[in-house]
1. Residues in segment 117-134 that are away from ligand 2 (no atom under 13 Å from the Cβ) and surrounded by 14 or more Cβ atoms within 10 Å (Cβ to Cβ): how many?
2. I need the full set of residues from segment 168-201 which are among the charged types (D, E, K, R), in contact (Cβ under 8 Å) with a residue 24 or more places away in the chain and away from ligand 2 (no atom under 16 Å from the Cβ), in order please.
3. Of the residues Gly98, Gly72, only one is within 16 Å of ligand 2 (Cβ to nearest atom), farther than 28 Å from Ala193 by Cα and without any contact (Cβ under 8 Å) to a residue 60 or more places away in the chain; which?
4. Can you tell me how many residues in segment 121-135 are among the charged types (D, E, K, R) and under 13 Å from Arg196 (Cα atoms)?
5. So Ile50 clears everything in (1) over 18 Å from Ala115 (Cβ atoms); (2) touching a Phe, Trp or Tyr at 6+ places or on another chain (Cβ under 7 Å); (3) β-branched (Val, Ile, Thr) except one condition, right? Which one?
6. Does Arg123 count as modelled with pLDDT of 95 or more and near ligand 1 (Cβ under 9 Å from one of its atoms)?
7. Would you tally the residues in segment 39-65 being part of a helix (DSSP H, G or I) and within 16 Å of ligand 2 (Cβ to nearest atom)?
8. Just give me the residues in segment 55-69 being free of Cβ contacts under 8 Å to residues at least 40 places away in the same chain and surrounded by 15 or more Cβ atoms within 10 Å (Cβ to Cβ), in sequence order.
Amino acid sequence: MKDEIIRQTECYVSSVLGEDSTGHDWFHVERVRKNALHICKEEQAGDRFIIEMAALLHDIPDEKLNESAESGQQKLESFLESVTLTHKEKVFIKQIIGTISYKGGNDCELASIEAQIVQDADRLDAIGAIGIARAFAYGGKKGQQIYNPNIQVREEMSLEEYRKGKSTSLHHFYEKLLKLQNLLNTETARKMAESRQKMMETFLEQFFQEWNGDSK
Ligand code: ADP
Ligand code: NI
């Protein structure tokens, strides 16, 4: 039964996100699921089925991929109504997805180990070599510059400000990506983040060497 629900969910998510080119495509979802199940196994913690469902569905209500936060939430709710889950499972999955965004998770302790694991899995896919690729894919799609030295690095940027060209993809590393390592919840994710963090640091160092014209 649970296998069947997972299959239905895979089918639904790949049909909704399959064509996305802002870094939220089906392959992102598959990587997040794989990372989440790996962390669940290593930590021997959390409900595996709930973690897998929340990982598969985590980007469905994302405001950036929907007309509004409300219509995104509605999409998630309609799908959950169409599969055979208990009320408790539906509430749990919605709660996890609602609390794992960078904003939501930044200033509050996550209520469950399941939420902590899915959040870690999503954050791991935003750093390292794949994180670098996703940042420039997202920025290109949104019309952001690669880098502009005349723009100051700021702590927080709203989506509107990005859209108005007040930041660049390279700035996004300083505004968010380099900070994610310290925000991870589990030891397993922290270990997985080490080489990814080094990759970003090496990339940025080389980027500025080349930008300044003094590369070896
Ligand atoms: P997630 O998939 O973890 O929910 P987001 O929706 O915040 O992450 O972003 C999706 C991808 O796009 C991530 O890899 C993120 O780093 C990248 N991204 C988001 N905002 C920007 C931005 N302003 N500039 C460059 N990359 C961005
Ligand atoms: Ni995601």
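1. Just the residues of segment 117-134 that are away from ligand 2 (no atom under 13 Å from the Cβ), to begin with: 117, 128-129, 132-133.
Those still in the list that are surrounded by 14 or more Cβ atoms within 10 Å (Cβ to Cβ) too: 117, 128, 132.
Total satisfying the criteria: 3.
2. We begin by selecting, within segment 168-201, every residue among the charged types (D, E, K, R); these are 175-176, 179, 187, 190-191, 194, 196, 198, 201.
Of the ones still in play, those that are also in contact (Cβ under 8 Å) with a residue 24 or more places away in the chain are 176, 187, 196.
Within segment 168-201, Glu187 is the sole residue that qualifies.
3. On the way: Gly98 fails: farther than 28 Å from Ala193 by Cα.
Sole residue among the options that is within 16 Å of ligand 2 (Cβ to nearest atom), farther than 28 Å from Ala193 by Cα and without any contact (Cβ under 8 Å) to a residue 60 or more places away in the chain: Gly72.
4. Pass one, segment 121-135, residues among the charged types (D, E, K, R): 122-123, 125, 134.
Going one step further and asking which of them are under 13 Å from Arg196 (Cα atoms), we end up with 123, 125.
Residues in segment 121-135 being among the charged types (D, E, K, R) and under 13 Å from Arg196 (Cα atoms): 2 in total.
5. Every condition holds for Ile50 apart from (1).
6. On the way: modelled with pLDDT of 95 or more: yes; near ligand 1 (Cβ under 9 Å from one of its atoms): yes.
Criteria met by Arg123.
7. As a first pass, look at segment 39-65 and keep what is part of a helix (DSSP H, G or I): 39-43, 48-57, 63-65.
Narrowing further to those that are within 16 Å of ligand 2 (Cβ to nearest atom): 39, 51-57, 63-65.
The qualifying residues number 11.
8. Listed by number, the residues that qualify are Pro61, Asp62, Asn66.
The values are calculated or read from the model by the stated rules, or taken from the named source; none is laboratory data. Bear in mind that the values here come from a model prediction, so they are computed numbers and not experimental data. Here Cβ is always computed from backbone atoms with ideal geometry, including for glycine, and neighbour counts include all displayed protein chains.
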